[in-house]
Amino acid sequence: MFNLTLTELATRLAQGDFSSVELTQAYLDRIQALDSQYNSFITLAADSALEQAKLADELRKKGQVGLLSGLPIAHKDLFCTAGLKTSCGSKMLDNFISPYNATLVERLNQAGAVTLGKTNMDEFAMGSSNESSYYGPVRNPWDTDRVPGGSSGGSAAAVAARLVPACTGSDTGGSIRQPAALCGITGLKPTYGRISRYGMVAYASSFDQAGPMTRSAEDAALMLQVMAGLDPLDSTSADQPVPDYRAHLNDSLAGLKIGLPKEYFAEGLDPGIAQQVQAAIQEFERMGAQVKEVSLPNTELCIPAYYILAPAEASSNLSRFDGVRYGYRCESPVDLEDLYKRSRGEGFGSEVKRRIMVGTYALSEGFYDAYYRKAQQIRRMIQQDFLTVLKDVDVIMAPTTPQPAFKLGEKNSDPVAMYMEDIYTLSLNLAGLPGMSIPCGQSQGLPVGLQIIGSYFSEAKLLNIAHQFQLATDWHQQSPAGL
Amino acid sequence: MEWETVIGLEIHAQLSTRTKIFSGASTAFGAEPNTQACAIDLALPGTLPVVNENALRMAVMFGLAVNAEIGKRSVFDRKNYFYPDLPKGYQTTQLAEPIVGAGYIDITLDDGETRRVRIHHAHLEEDAGKSLHEDFHGMSGIDLNRAGTPLIEIVSEPDMRSAKEASAYARKIHAIITTLGICDGNMAEGSMRCDCNVSVRPKGSPTLGTRTELKNINSFRFIERAIETEVARQIDLIEDGGRVIQETRLYDPDKNETRSMRSKEEANDYRYFPCPDLLPVIIDDSYIADIQKSLPELPDARKQRFIDEYQLSEYDAGVLSTYRPQADYFESVAKHTQDAKLSANWITGELAKHLNQHDIDITACPVSTEQLSGLLLRIQDETLTGKIAKTVFEVMWNDGGSADEIIEAKGLKQVTDSAAIEAIVDQVIASCTAQVEQYIAAEPDKRGKMLGFFMGQVMKLSQGKANPGQVQGLMKQKLDALT
Amino acid sequence: MSLDKSDIERIAHLARLDISEQEVPEYATSISSILSLIDQMQATDTDGVLPLAHPLDAVQRLRKDEVSESNQRERLQQNAPAIEDGLFLVPRVIE
């Protein structure tokens, strides 16, 4: 049962092989039995999950079936879920019970999904290893001495460990794709604005994008179908039609033009990863794709630009956590300034404080032009690089990460080394483009992710390519030893 | 030394929208604390703003009314600072690309001279909540009902040279925004608030002196007094060898002094940057043209029309066109009575006096235009003397009723029966022998003045009801017959 | 760009973060190294490049001026650390 994909489970539920209550209970039991090894969940929502499952079963009897009726999923703990804790992996929100549902949560509920719980994450989605969570690090199911990646590390580990068939995640600089790669699962970061941000606690507003984390491209298509679409509550959500993502999964890849950016295959890339990605490209060539080398000349500017813009937005977005209306408040503040400084100083962890300070500095008087404005100009140059290349090729393929999963604590003390983890992923957030990571092999016994990058709103194409690869290979079906 | 005063004003006007600028919560005044603060207004994690079209429309109306360039592209920025009445930790405002660009208005001073005051720009922003300082065990209470109420901030150039000019400018802005119906103009409730930037310089000096900012002044009278007080303070300070420091000062109307607000004065660094949750607002020519067509008649145009159409004096036309409800009231009465001069006299006289005494806005006036018109018609047809009409008005104000009903009930009808008047005249002549003798003895050209005494006696005996014209004619005729 | 103790203290104050005396050097070091990473971009000529605030060339949507929110005070204040008479309590605000 636990090796079935979301799509397969949907069929089994429809056939009446088991009920949603049985399925949900089985997953809840499994999480309780195994998650102490991974720490992938912050909150388990057993009671409400079983209620949702029961309702889905009842509706099914009446013939009312949604796309995700009775299927268990879990949400990254930055999506607001009414009545459930929404902590963002932070002490700041350890006591925060959201009074409302994020739009994405509402849509998944409407489609019949069952929420098993909330997954662990880097605090406020700031991190690439899931070590900055107030609730402790998440461990990679492939090797529990290693990190699962971040910031959606709990979601990635939970799907990899078969604790849940699918999760939501969010991606600001690679936070869906990088942990998906490190945990050997399928992760999709859609085009910026494809999925509503309303109710997703903001890290960097002009970068943040929610997406599905699943065991297959077919499942990602199913999840995206429900999650995508215009939301009147989010000014930045895209007013673009939502295609039938599953209708194009089986399109032929003959004639597909793939670009390989030379800058992404340069120094610093793990040879095992390079080899696996090359092998995957050859697989596409066998399917009739044409491959050519392309160039994204401003690649090395991505990290500088991102680490100005994202912290700047974050420094402002996180000002609302002030101990006044919700969230952590320090003991006996002597005055207003004390209330602010200690509530925030004690409520935020060190990486969050570091990024708030970097962002505050970048926006402060006298530095705006040299940092913020300059970074915005570079952002456009990076976007232009991609648009130029994507005129010439249909998709770009590259490794998702420079290395496979690293050891816990290995990069934790060096923020700059940690930031380099996102070198292949955050360019897409700067440009707002969609990207996917799918398993394409192993290096040192650890999963390797292939990144597929497309034009704006080309999710259907990306899912088609990923699905065809998964039909031809079985990397996505590999599971960690013992699972 | 002779000093010149330089003043610029920043006026905040709350827009009369039904809902907040970025949320669907009501803006109605006077609700229970925090009952009109929704999840967005409270800055709950994950919430996002969407711009209220009506707020934008009203800002464009203002721009068109002050001859300004309309920003076809305008951008919202964040102004970052911590304060408990500011839930997000930033105010969403417009800095570099406001909705209203440079414009101007003409103000008329008491001596009839006109001066042009340039408007630098006007921008949309959100209001903050309120801190209540009643004693909550040494704490302050925060009410966020007002948070997110749309404001337009109107920034003038430093074009005013006296307190009188500043208040005339403020009055004119008030007239424009109330005429447009975009603000209720209630300064006591804070719907319109005024900050004055004041500096002095030696007359003829081309450079500006150091300015201070007088915050949140809530009446036209206080604008004048606050500026006068501050100008005197600055001149005294400089003449005593001191130096004005740039700071924010608070005007205390009870003590008639300004004092430094040092607590708010620490080096502010607002770290403005474009709000990433909102996109550029783009409007086209047809949107602007539609609003232009729907604009009501503005105070200047109405004043001119009152002069042309009703032959009102410059002064009366100015007074009556300033406040739209009063101007509407006047036009209604003037149309009814077909006597603009009489209508104007009563509205700027007796009616205004009563409204002032009782501190009532004309929109809540207990005497309707129909009632006042009915009264004036009875003056016109000589049913009432001017004096009795005031008595009728008093009854109308206090107890209601039409002029005819009151005249009937109180027997106030003017006596025009010549026999009755003659009887009273004869009675007066018979009883005032000494005065009659003096009249006879007087030089003919002095007698006119002496007639007043006899008139007064007749009016007294008739309880004011005798038609004064008839009395005068008959009395003169009878007395002259005795000489 | 290298930050010293006073820079960290100034930024921490602007951001209203209580940073202990012992933490200051650690932040000075790590933030300085982040800034030197960032400063790589200073060598790039960006003259004439329009800043990009948003990845999509989209325009703000406008909302109708209709009341859509009812009074939810009780529900919305459930997470509040200190409430009295429907007000959020904070240490005294000095005007």
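Quick notes on this structure:
- Those residues of the range C:31-52 which are open to solvent by 40 Å² or more (accessible area, probe 1.4 Å) and without any contact (Cβ under 8 Å) to a residue 12 or more places away in the chain, in sequence order: C:SER33, C:GLN40, C:GLN42, C:ALA43, C:ASP45, C:ASP47, C:GLY48, C:LEU50
- Flag for A:ILE378 being in contact with a Leu (Cβ under 8 Å, 6 or more places away or on another chain), at pLDDT 95 or above, away from chain B (no Cβ under 11 Å) and under 23 Å from A:SER205 (Cα atoms): yes
- Cβ-Cβ distances below 6 Å connect the following pairs, each with a first residue in the range C:58-74 that is at the interface with chain B (Cβ under 7 Å from one of its Cβ atoms) and within 12 Å of B:VAL50 (Cα to Cα), a second residue that is among the basic types (Lys, Arg) and assigned to a loop (DSSP other than H, G, I, E, B), and a separation of six or more residues or different chains: C:ASP65/B:ARG18.
- Helices (runs of 4 or more DSSP H) wholly inside the range B:281-381 containing at least 1 residues that are in contact (Cβ under 8 Å) with a residue 60 or more places away in the chain: B:285-294, B:299-310, B:314-322, B:324-337
- Residue within the range B:73-82 that is over 31 Å from the mean Cα position of the chain (by Cα) and farther than 26 Å from C:ALA15 by Cα present: yes
- Where a residue in the range A:271-288 is under 16 Å from A:SER443 (Cβ atoms) and its partner, wherever it lies, is small (Gly, Ala, Ser), with Cβ under 6 Å and at least six apart: A:GLY272/A:SER443; A:ILE273/A:SER443; A:GLN276/A:GLY441
- Residues within the range A:351-362 that are more than 8 Å from chain C (Cβ to nearest Cβ) and out of contact with any helix residue (DSSP H, G or I) (no Cβ under 6 Å at 6 or more places or on another chain), tallied: 1
- Consider the range A:361-377 and keep the residues that are over 26 Å from the mean Cα position of the chain (by Cα) and among the polar types (S, T, N, Q). The one that is farthest from C:SER6 (Cα to Cα) is A:GLN377.
- The criterion of at least 3 residues that are within 25 Å of C:LEU50 (Cβ to Cβ) is met, among helices (runs of 4 or more DSSP H) falling completely within the range A:360-461, by A:374-392, A:426-431.
- For the range B:161-219, a residue qualifies if it is among the small types (Gly, Ala, Ser), open to solvent by 10 Å² or more (accessible area, probe 1.4 Å), assigned to a loop (DSSP other than H, G, I, E, B) and at negative phi, and the qualifying residues are B:SER162, B:ALA188, B:SER205, B:GLY209, B:SER219.
- The sole residue among B:THR337, B:THR258 that is more than 30 Å from B:LYS88 (Cα to Cα), open to solvent by less than 20 Å² (accessible area, probe 1.4 Å) and in the same structural domain as B:GLN91 (by TED's automatic domain parsing) is B:THR258.
- Residue selected from the range A:50-92 under the condition over 17 Å from the mean Cα position of the chain (by Cα) and at positive phi, by the criterion surrounded by the fewest Cβ atoms within 10 Å (Cβ to Cβ): A:GLY63
- Filter result for B:VAL75 (more than 30 Å from C:ALA80 (Cα to Cα) and within 14 Å of chain A (Cβ to nearest Cβ)): yes
- Taking the criterion of being part of a loop (DSSP other than H, G, I, E, B), within 17 Å of B:PRO150 (Cβ to Cβ) and in contact with a strand residue (DSSP E or B) (Cβ under 8 Å, 6 or more places away or on another chain), the residues of the range B:1-36 that qualify are B:LEU15, B:THR17, B:ARG18, B:LYS20, B:ILE21, B:PHE22, B:GLY24, B:ALA25, B:THR27, B:GLN36.
- Which listed residue, of A:ALA417, A:ALA431, is closer than 19 Å to A:LEU309 by Cβ and within 13 Å of chain C (Cβ to nearest Cβ): A:ALA431
Listed here are the residues, each with its yes/no results for (1) more than 14 Å from chain B (Cβ to nearest Cβ); (2) part of a helix (DSSP H, G or I); (3) surrounded by 24 or more Cβ atoms within 10 Å (Cβ to Cβ).
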site: A:GLY169; (1), (2), (3): yes, no, yes
site: A:GLY174; (1), (2), (3): yes, no, yes
site: A:PRO179; (1), (2), (3): yes, yes, yes
site: A:TYR192; (1), (2), (3): no, no, yes
site: A:ALA204; (1), (2), (3): no, no, yes
site: A:MET223; (1), (2), (3): yes, yes, yes
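- Residue check, B:THR47 assigned by TED's automatic domain parsing to the domain that holds B:THR229, without any contact (Cβ under 8 Å) to a residue 40 or more places away in the chain and either open to solvent by less than 10 Å² (accessible area, probe 1.4 Å) or more than 18 Å from B:LEU180 (Cα to Cα) (or both): yes
- Test: residue in the range A:258-278 that is β-branched (Val, Ile, Thr) and surrounded by fewer than 23 Cβ atoms within 10 Å (Cβ to Cβ): yes
- Residue within the range B:262-279 that is outside any strand (DSSP E or B), of a type in the set (Asp, Glu) and surrounded by fewer than 16 Cβ atoms within 10 Å (Cβ to Cβ) present: yes
- Every test in (1) more than 28 Å from B:LEU48 (Cβ to Cβ); (2) part of a loop (DSSP other than H, G, I, E, B); (3) open to solvent by less than 10 Å² (accessible area, probe 1.4 Å) is passed by A:SER128 save one, and that test is (1).
- Every residue from the range A:295-342 that is free of Cβ contacts under 8 Å to residues at least 40 places away in the same chain and more than 8 Å from every other protein chain (Cβ to nearest Cβ): A:CYS330, A:GLU331, A:SER332
- The residue that is farthest from B:CYS196 (Cα to Cα), counting only those in the range B:12-24 that are under 20 Å from the mean Cα position of the chain (by Cα) and surrounded by fewer than 24 Cβ atoms within 10 Å (Cβ to Cβ), is B:SER16.
- Qualifying positions in the range B:78-103 - among the hydrophobic types (A, V, I, L, M, F, W, C), more than 10 Å from chain A (Cβ to nearest Cβ) and surrounded by 20 or more Cβ atoms within 10 Å (Cβ to Cβ): B:ILE99, B:VAL100
The values are calculated or read from the model by the stated rules, or taken from the named source; none is laboratory data. Computed from a predicted structure; not experimentally measured. Methodologically, a virtual Cβ is constructed for each residue, glycine included, from the backbone with ideal geometry; neighbour enumeration extends over all protein chains shown. Only protein heavy atoms, including side chains, enter the accessible area calculation; ligands, DNA and RNA are left aside. Shrake-Rupley method; radii C 1.70, N 1.55, O 1.52, S 1.80 Å.
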